[in-house]
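One structure follows; several queries about it will come next.
The values are calculated or read from the model by the stated rules, or taken from the named source; none is laboratory data. The model shown is predicted, which means the values in this text are computed figures rather than measured ones. With ideal geometry, Cβ positions are generated from the backbone for all residues, glycine too; neighbour counts draw on all protein chains shown. We work out accessible area using only protein heavy atoms, side chains counted, and drop any ligands, DNA or RNA first. Shrake-Rupley method; radii C 1.70, N 1.55, O 1.52, S 1.80 Å.
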Amino acid sequence: MKRVFLLIVILIASMIMPLTSAQLGTVSVTGSITVVRGDYSEGSLVLTNNAGVVYSVVSYQTFWVEDSNGNRVGGFNFTMFPKVFPNWGRGQSKTIQYNMTVSKDVLPGNYTLYLRFIATYSGDIYILKAKVPVEVLASPLAFTGASFYVPGRGDVPNVFLGENVVVYSHVINVGHFNVTVRVFSALRTGNRNYSIVFRNVTVSPGDTLIKLSLPVGWNYPEGNYSLIYRVSYGSQKYVYTKRLTVSLGVRLVSVSVEKGSVLLNDTLRAYATVISERNVNATVFCVAVLNDTKVFLTRTKEVALSPGTSIIQIPLPTSKPGNISAIVGLSVHGRPGGNETVHYTVYKPPSIELISPKLLNSTLRVDVLLLNPTPETISGILEYQVFANGTTLNSDVIDVTLPPGKKKLSFTFNVPKGTNVTYSFKLRALGRVSIKEGNLWIPAPKSRTSSTQTPTVMPTTTSSSTTSTTSQAGGDFPRWPVMGLVLLILVAVALYYRNRSKKRSRKGPKRRSPLGRFKRPKPPKFRERDSLPKRK
């Protein structure tokens, strides 16, 4: 009852007593007020009695606001609770709850809120004053610093084609109403923007996370880019930029080939060295050009690359002879990662190019033309067989040396008359086999002939581009004396028959038939009638 009475006395005294008769004091304040114009702010402040006395009763009376120049300004409304503090001891703190409203006409800036209290102590009246810092904001938003990252790799400065760049920031709304901000982001190189994103984002009171994802397309040019991120609200704006490097992340370093020349249809490989900075599927391709004029084969191979160096094997085509240029390259989603050209030569294997049989009297001559398309001299084995009526007349295996180009060998065989002779030649060289076969009819003799002799390989002299080779299948018996003897016998027989025909000049009598003279009968004659005979 006593406190209520004192409060009534203070209120009456504040109305009837001039303020100049009261003593002045101060109250310190812990805390400050931040408010957006056109909005309100709620919170708490701590008031502390700095005087060395214990006030019986302290009562809140009024407030006013001054700008930084000390001029009073309007547009503020302030309320607090509680307003009365009985028995406020020295150094004691009191917590109050406040509400401040600011009109839209108030300019943003720093202000000072003054609170006036009336207090009593030992029958004396004190006027207490408290100062509270006030900040009036033009916008309720506060922008924090933005950051970026590449999913799975963090905030790396190099970005690969096909990846995404995520940029984000926090926006704090200190007001009490939702606001809408405009967000823009892009990747810029030169004067052109890529992956442009425009978005309106509603920011509610408190902390709001804004996040944008910018895809880096496979068709983007490689090089240096600037990541641009901008958040704006009215005249308030926040801009963030970051320099990035965009690349494919895969590079073909070199291509090598196993050897410079191979035989037709042999296996040949190229080895491509690839450096990758990422996990990605790539395509390795090979384009083969024959004699620098015609593309005759295109081949692709899918490979999975991981960070590091990879060696990739590529089979090269050897199905056509000639000088081949193979373009080996790498691509990822259609983007080239480099290419190189390797050169090699495909040779036909050594072979029997032609067999020419020819019958000379009782002797069969076979000319064999061997071909070595390679640029080096090679060794081989030539095997041949001659058959007549299922019987082997001759067979042999000989070693041959084949220089680059052509080489001609000739073989002669004595063969029986009136039979079909079959021959087969087989060349083995460089792991390849070439076979040529044929047959020839040997006509029967018109007169008695000598028996079959052992076949003999006759020496043959070729042109400058062909190597001469001599080989024998029989003994070393000389043939010229025998041929001379046979020639003399034939001349003697011819002279003998000639002389005999000259001695017989009288013609012998004609031979008569034992049946006498024979006359061939005449053929029968048939008469044709115009009509059938008449009936009698």
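If you add up the charges near N173, with Lys and Arg at +1 and Asp and Glu at -1, over every other residue whose beta carbon is less than 11 angstrom from its beta carbon, what do you get?
Charge balance in the 11 Å sphere: -2.
Give me the three principal axis extents of segment 22-144 from the C-alpha atoms, as integers in angstrom, largest value leading.
So the three principal-axis extents are 51, 29, 19 Å.
At a 1.4 Å probe radius, carbon and sulfur cover how many percent of the accessible area of segment 150-202?
Accessible surface attributable to carbon and sulfur in segment 150-202 totals 47 percent.
Rounded to whole Hz and in sequence order, give me ³J(HN,Hα) for segment 247-255 from the Karplus expression 6.51 cos²θ - 1.76 cosθ + 1.60, θ = phi - 60°, writing x for Gly and Pro.
Here the 3J(HN,Hα) series is 8, 6, x, 9, 9, 7, 8, 7, 9 Hz.
In debye, nearest 20: dipole of segment 142-262 around its Cα centre with unit charges on the Cβ of K, R (+) and D, E (-)?
Values: 12 positive and 5 negative charges, 57 e Å.
Taking the Cα centre of segment 142-262 as origin, the dipole is about 280 debye.
In addition: Taking only protein heavy atoms and a 1.4 Å probe, what accessible area per residue, in Å², does segment 158-264 have with all protein chains in place?
49 Å²
Starting from the Cα gyration tensor of segment 252-341, take the square roots of the eigenvalues, sort them a ≥ b ≥ c, and report rounded, prolate or oblate (rounded when a/c is under 1.5, otherwise prolate if a/b is larger than b/c, else oblate).
prolate
If you don't mind, another one. Debye sum, Cα scatterers, segment 167-255, no solvent: what log₁₀ I/I(0) at q = 0.21, 0.23 1/Å?
Cα-only, vacuum Debye calculation for segment 167-255: -1.00, -1.12.
Right, here's the next one. Under a straight-distance cross-link criterion of Cα-Cα below 13 Å, which aspartates and glutamates are reachable from K407, leaving out those fewer than 8 residues away in the same chain?
Counting by Cα, and skipping residues close in sequence, K407 has these aspartates and glutamates nearby: E353, D367.
R0 = 51 Å: FRET efficiency of S44 with R243, Cβ-based, nearest 0.05? Numbers along the way, then the final one.
Numbers: r = 46 Å, r/R0 = 0.90.
After rounding, the FRET efficiency stands at 0.65.
Further question: Can you tell me how much longer the chain between T79 and S235 gets when fully stretched, taken as 0.36 nm per residue apart minus their C-alpha distance, in nm with one decimal? Write down the numbers at each step before the final one.
Numbers: separation 156, 0.36 × 156 = 56.16 nm, distance 3.16 nm.
Net length gain for the segment: 53.0 nm.
Which whole-angstrom value gives the distance between the alpha carbon centres of segment 102-119 and segment 360-438?
Value for the Cα centre distance between the two parts: 121 Å.
Between segment 300-354 and segment 180-195, what is the separation of their alpha carbon centroids in Å?
Using only Cα atoms, the two centres lie 43 Å from each other.
Which percent of the accessible area of segment 87-129 is formed by carbon and sulfur heavy atoms (probe 1.4 angstrom)?
44 percent
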